[in-house]
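Here's the structure, in structure tokens; my notes come after.
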Amino acid sequence: MRYHFFMRTVIFSIFLLLSWTEARAGQNFEWGAGLLSIYGNHYRGSDQTKSWVFPMPYFSYTSERIEAEPSFVRGIFVHNEIFSLKLSLSLGLKVESKENRARAGMPPLDYTVEAGPMLLFYLWRSKKRELAINLEIPVRESFATNLHYLRPVGIFAVPYINVIHSPVPSRWNWISEFSLCPMFADQRFHQYFYGVDQAYVRPDRPFYHARGGYSGFQTAIVMHKRIGNFVIIPFARWDYLKNAVFEDSPLVKVKNYGLGGLGLFWLFQ
């Protein structure tokens, strides 16, 4: 938990420094602090749930070169009216095996840092640009870390259709994004999360060697509301793992994965 907060603080600090000059000139940088609460399954396929609550910085910045929010950071390399090429970065939570029955006695699933290119196609926009549909294709290398090491664990790709509603700002309007996507990952990624080495075999947990390929289906919604200096960000995600290539892993106990949360932040002026 402390490392999750640490990583977000590091990212916030780096992009604060990178964007300081442009932000001063462009009035497109906001920052603050608040609390983020998350509730969901330990990992995709786990039948156990957990709550996380932690303080974290808030930042929102958009320029010709950078897009940054608490949930992602993207560097923009190419941008026009048809498509964009970006560098995306995201983070994943830690799972302690001692808290999970299926993974008892196995190494923990450490925090993950994902980084890689994202190709974005602008499929449709309304005349007033309040509603848009994009095809976004991130392909990221995932790295596991516990502060003592950083090692690659595989490639994860999530090509999704993203429906974005950005109404004219008013007191009651919400900005929202709704996405649908299949997920894919290579053998190393699936092995990290779902493989069972011979050393961790037990009667109810046989040896399992994962394969690369289809990783399930995901749908997610993120909303955003600002009232004065107060920002509210509720979000929810649901994954369906039926027919995923790791479906028969002994670490997969359920085919449904849910994650939801709420971010409450105060912006500094």
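The values are calculated or read from the model by the stated rules, or taken from the named source; none is laboratory data. Because the structure is predicted, anything quoted here is derived from the model rather than measured. Note that we place each Cβ from the backbone using ideal geometry, even for glycine, and neighbour counts take in every protein chain shown.
When Asn100 is tested against (1) at pLDDT 95 or above; (2) surrounded by fewer than 17 Cβ atoms within 10 Å (Cβ to Cβ); (3) not acidic (Asp, Glu), just one condition goes unmet, and that condition is (2). Restricting attention to the stretch 193-225, the residues that are touching a Ser or Thr at 6+ places or on another chain (Cβ under 8 Å) and either assigned to a loop (DSSP other than H, G, I, E, B) or at pLDDT 95 or above (or both) add up to 9.
Contact map, the stretch 38-62: first residue closer than 27 Å to Tyr240 by Cα, second residue in a strand (DSSP E or B) and among the acidic types (Asp, Glu), Cβ cut-off under 7 Å, separation 6 or more or different chains; pairs are Arg44/Asp239. Each residue in the stretch 15-59 was checked for being over 19 Å from the mean Cα position of the chain (by Cα) and either modelled with pLDDT under 90 or exposed (fewer than 13 other Cβ atoms within 10 Å of the Cβ) (or both), and 17 pass. Which of the residues belonging to the stretch 84-97 are under 20 Å from Trp52 (Cα atoms), buried (at least 17 other Cβ atoms within 10 Å of the Cβ) and modelled with pLDDT of 85 or more? Answer for the stretch 84-97, where residues must be under 20 Å from Trp52 (Cα atoms), buried (at least 17 other Cβ atoms within 10 Å of the Cβ) and modelled with pLDDT of 85 or more: Gly92, Leu93, Lys94, Val95.
So which residues in the stretch 252-266 are within 9 Å of Gly45 (Cβ to Cβ) and either assigned to a strand (DSSP E or B) or of a type in the set (A, V, I, L, M, F, W, C) (or both), if there are any at all? Show your work before the answer.
Taking the stretch 252-266 and keeping what is within 9 Å of Gly45 (Cβ to Cβ), we get 252-255, 257.
If the condition is that a residue be within 9 Å of Gly45 (Cβ to Cβ) and either assigned to a strand (DSSP E or B) or of a type in the set (A, V, I, L, M, F, W, C) (or both), then Val252, Val254, Tyr257 are the ones that fit.
Note on the stretch 124-137: among residues that are in a strand (DSSP E or B) and not aromatic (Phe, Trp, Tyr), the one that is farthest from the chain's Cα centre (by Cα) is Arg125.
For the stretch 138-153, does any single residue satisfy the condition of being in a strand (DSSP E or B), among the acidic types (Asp, Glu) and either exposed (fewer than 15 other Cβ atoms within 10 Å of the Cβ) or without any contact (Cβ under 8 Å) to a residue 40 or more places away in the chain (or both)?
yes
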